[in-house]
Amino acid sequence: MADNDIPMENGANGAGENSEMEGVPFMIGAQYIKDFSFENPRGVETLSAINENPDVSVDVSTNARAIGEEGMFEVLLFIRAEATVDDSPVFIVELTYGGVVQVGSIPEEEIKPVVLIEGPRHLFPFARSIVSNAVRDGGFPPLLINPIDFGTLYVEQHVDSDGSDI
């Protein structure tokens, strides 16, 4: 064995076989498209008639619910984007992107903000890519959604209301 080789006795990730969720406060176990829709209501006339940039509005919201065993949650990220020209729709894309997250050694009062801030923050780049590719594949320039401050979104959506199931 060369001097710079590192033995892999504890597995490829360097963790011992007995380490489960111990010490890991947050982990994403799965990601998936729960619901998805792309609409081009005017069809080919939209593609040939656009001479100006459409007005695009993007709405994002989050939610979560406890599932299965303790510490497991389904986190949902909802993205809806609508492009219009002269108040006429050009395209509408809606995505509900989900993930299963597991929280470990986190105090009880911090679970809700961790799940509803960190969960969507980790899911967002994948959801953003799906939306961008769908818009591009629909015949339009890709829609690049700006980064989102999920901490602020959490405060706006969940602090004064109890819109989540956790």
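Report relative contact order for the stretch 27-159 in percent, whole number only (criteria: Cα-Cα under 8 Å, sequence separation at least 6). Spell out each step's value before the answer.
Values: 229 pairs, mean separation 36.0, N = 133.
Computed over the stretch 27-159, the figure is 27 percent.
If you take every residue apart from Val114 with its C-beta less than 14 Å away from the C-beta of Val114, what net charge results, scoring Lys and Arg +1 and Asp and Glu -1?
Around Val114, the charge tally is -2.
Rounded to the nearest 20 debye, what is the charge dipole size of the stretch 27-159 about its Cα centre when +1 sits on each Lys and Arg Cβ and -1 on each Asp and Glu Cβ?
Details: 8 positive and 20 negative charges, 71 e Å.
Charge dipole of the stretch 27-159: 340 debye, to the nearest 20.
Once the other residues with Cβ under 13 Å from the Cβ of Ala81 are scored (Lys, Arg +1; Asp, Glu -1), what is the net sum? Don't skip to the answer; put the middle values down first.
Numbers: positive: Arg80, Arg128, Arg136; negative: Glu39, Asp55, Asp59, Glu82, Glu94.
For residues surrounding Ala81, the net value is -2.
What net charge do the residues around Val58 carry, taking every other residue with its C-beta under 12 Å from that of Val58, with Lys and Arg at +1 and Asp and Glu at -1? Walk me through the intermediate numbers first.
Numbers: positive: Arg80, Arg128; negative: Asp55, Asp59, Glu82, Glu94.
Result for the local shell: -2.
Which ³J(HN,Hα) values, rounded to whole Hz and listed in residue order, are derived for the stretch 114-124 from phi using the Karplus coefficients 6.51, -1.76 and 1.60 in 6.51 cos²θ - 1.76 cosθ + 1.60 with θ = phi - 60°, glycine and proline given as x?
Calculated HN-Hα couplings, in order: 5, 5, 8, 10, 6, x, x, 4, 6, 7, 3 Hz.
Here, each number is a calculation from the coordinates, and none is a lab measurement. Owing to the predicted nature of the structure, the values given are computational and were not obtained by experimental measurement. Reconstructed Cβ throughout: ideal geometry from the backbone, glycine too, with neighbour counts over all protein chains shown.
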